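Here the structure is laid out as C-alpha cells; the discussion comes afterwards.
The values are calculated or read from the model by the stated rules, or taken from the named source; none is laboratory data. Here the structure is a predicted model, which means the values were calculated and not measured. Quick reminder, even Gly has a Cβ in these numbers, built from the backbone with ideal geometry, and neighbours come from all protein chains shown. For accessibility, only protein heavy atoms count, side chains too; no ligands or nucleic acids. Shrake-Rupley method; radii C 1.70, N 1.55, O 1.52, S 1.80 Å.
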Amino acid sequence: MPTVEACEAAQTCWFTCRAAVLGGQTWSDGPLLWAREGDEQNLMFPQRIPADAVARGVERARETGVRTIGAWLGTDVDTSALAAAGFERGWEPWWMTAPVADVGAPGEPGAPVDPRIELQQDTVDYTGEYAAYRDTLKMTRVRPQRSWYAAAYDDRRGRDGSDNHGSRRFAGRAWSHLNGDTAGVFDMEVWPAFQRRGLGTGLLRAVVAAAAEAGADNAVLNATPEGKMLYESCGFRQIGVGITWWLHLDQRQ
C-alpha cells in the first residue's frame, strides 16, 4: 500500500511533468524544488525551508509574471519562513489511496463501461476564457504515454434547468498520471449542474483503468471533504494529511 511519501511523489511528478511538457520550468534552490507553469508556481514538499531561498523563489515569480505561488508540505515542516514572506495557510490535502483492482475500473466484473465517459487526446470542449486549457491535453500525447484525460458528457437537463435540446453537454473531467507503478488522480471535477449522476465515479474509474493498463498497481489522490465520500465508495481510504500555503502576487507592484 502506498505511503504519504508516495502520494507526495506522485503530486510532484504531476507538476514537474506538466511544466516540462507545457512550456514551464522546474529548478532546485538548495532544499527547495520549484515548478512553474503559466502564471502559477509551486514549491514541492521541502523538508526544510530557508528564508533566503523562499525570497529568491518569490522574486523569480514576480519577474516571470506569476500570480499565485503554492507551497505543498507535510504537516511536520517548519513554515515560519513562508509566513514571514507573506504566505497564508490554505487547505489540507487528504491523501487517499486504493489498489487499482479495488476501484472498479471499466472492464472489471461488476463495473461496465460508462458510455458517458470518453478518454481523449484532444478536445473542443473549452472555449472563450477557458480555451487555453486545450493545450494541457498535450500531456496525453507524450510517448510512452503517462497521462490520461477523461471527459464526461450528459444528455439530460441540467439541475440548473438548462436544456441542451437533445445534444450532449460537457459535464466534467479528470486526469491520471503514472509515476512508477503509482497512478495519481488529478483535477477531477463534475460541474455542479450534473453532479449526483454517477459521472464522478465514471471519470475516476476511466482514468484509473487507463493507468492500470500501463502498469499502475495503486492509485493515489488528494481529496477535499466534498470529494472524500465519492472516493471511499470507489475503494479509496485516507492514509494521511498535508497542508498548503499560498501567496497571491500583485504584478502591478
Here the residues within region 38-59 that are of a type in the set (Gly, Ala, Ser) and open to solvent by 20 Å² or more (accessible area, probe 1.4 Å) are GLY38, ALA51, ALA55
Practice problem: Examine region 203-210 for a residue that is touching a helix residue (DSSP H, G or I) at 6+ places or on another chain (Cβ under 7 Å), at pLDDT 95 or above and either among the basic types (Lys, Arg) or surrounded by fewer than 20 Cβ atoms within 10 Å (Cβ to Cβ) (or both), and state whether such a residue exists. | Solution: no
Residue set VAL66, VAL77; condition under 25 Å from VAL241 (Cα atoms) and either of a type in the set (A, V, I, L, M) or part of a loop (DSSP other than H, G, I, E, B) (or both); output residue VAL77
Over region 211-253, the set of residues open to solvent by less than 30 Å² (accessible area, probe 1.4 Å) and either more than 17 Å from TRP95 (Cα to Cα) or among the β-branched types (Val, Ile, Thr) (or both) is ALA211, ALA216, VAL220, ILE243, THR244, LEU247, LEU249
Across (1) at pLDDT 95 or above; (2) within 30 Å of GLY202 (Cα to Cα), ASP114 clears everything bar (1)
Of those in region 159-192 that are among the small types (Gly, Ala, Ser) and open to solvent by 20 Å² or more (accessible area, probe 1.4 Å), the residue modelled with the lowest pLDDT is GLY161
### Query
Can we say LEU22 is hydrophobic (A, V, I, L, M, F, W, C), touching a helix residue (DSSP H, G or I) at 6+ places or on another chain (Cβ under 8 Å) and open to solvent by 30 Å² or more (accessible area, probe 1.4 Å)?
yes
If you go through TYR126, TYR133, TYR149, the only one that is in a strand (DSSP E or B), modelled with pLDDT of 95 or more and surrounded by 13 or more Cβ atoms within 10 Å (Cβ to Cβ) is TYR149
message = Looking at region 73-87, can you tell me whether even one residue there is among the small types (Gly, Ala, Ser), within 21 Å of CYS234 (Cβ to Cβ) and surrounded by 14 or more Cβ atoms within 10 Å (Cβ to Cβ)?
response = no
Quick count over region 1-55, residues being of a type in the set (Ser, Thr, Tyr) and in a helix (DSSP H, G or I), is 2
